[in-house]
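Student: Can you keep this structure in mind? I'll have questions shortly.
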């Protein structure tokens, strides 16, 4: 817009200047001194000025067309860049690199003070939530992705390389389809009964509670997490 304004002003000034020059030329011609030769010279000059003015008008039209084309290309370029940014953001959400929120369920798992939470119990709920179509899951606010691990040491549950005391409570969060709320809650109740009735777990005295949450927030995977490490990876050349 600014370039158009400047070009319009320049063309207008040139036209005004040409008009003034022609006017001065005519004014300086004394009718008494007008001869056939200087009249012919004035005519040539007028034709020259007219031709130059026509050239300027043509060039002005070309510049307008060029600027219009640039503006269109810029607008198309913005749309293309916009689509790239949106696709990048979509992939980042899918990869777990963005905090997300929506309807979901929260499961709280604890056991007696004399016992230790087992990683197998946490994995059971996580795997079944995935089977139920959960689109994002976290354990103790550790975002779970394809490369996440859940394993136990003598005193800790390791998630994404971070250790959590096996005597503390663990909270699993999952974003699930709200349309399937009744089915998901019923399924979790059945799964809970199955875990509590497991003979190998009875002495641990598990306490498992869950509830639906209308706006559940699941944090992003930290880029410092072991589950996000890609420093050893190099893209292989594509086959033509």
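No value in this document is a laboratory result; all are computed from the given coordinates. Small disclaimer: the values here were computed from a predicted structure and weren't measured. Cβ: placed from backbone, ideal geometry, glycine included. Neighbour counts: every protein chain shown.
Student: Which peptide among 120-133, 223-236 comes first, and what is the full order, when sorted by highest mean count of other Cβ atoms within 10 Å? Before the final figure, lay out the partial values.
Tutor: Values: 120-133: 16.8, 223-236: 10.6.
In descending order of packing, they fall as 120-133, 223-236.
Student: Let me ask something else. Using the 2.2 N^0.38 Å rule of thumb for compact globular proteins, work out how segment 100-222 stacks up: its C-alpha Rg over that value, please.
Tutor: Details: Rg = 13.8 Å, N = 123, 2.2 N^0.38 = 13.7 Å.
For segment 100-222, the normalised Cα radius of gyration is 1.01.
Student: Taking neighbour Cβ counts within 10 Å as the exposure measure, how do 83, 222 sort from fewest upward?
Tutor: Details: 83 10, 222 16.
Going from sparsest to densest Cβ surroundings: 83, 222.
Student: A further question follows. For a quick check: sort 139, 195 by the number of other beta carbons within 10 angstrom, fewest at the front.
Tutor: Ascending number of Cβ neighbours within 10 Å: 195, 139.
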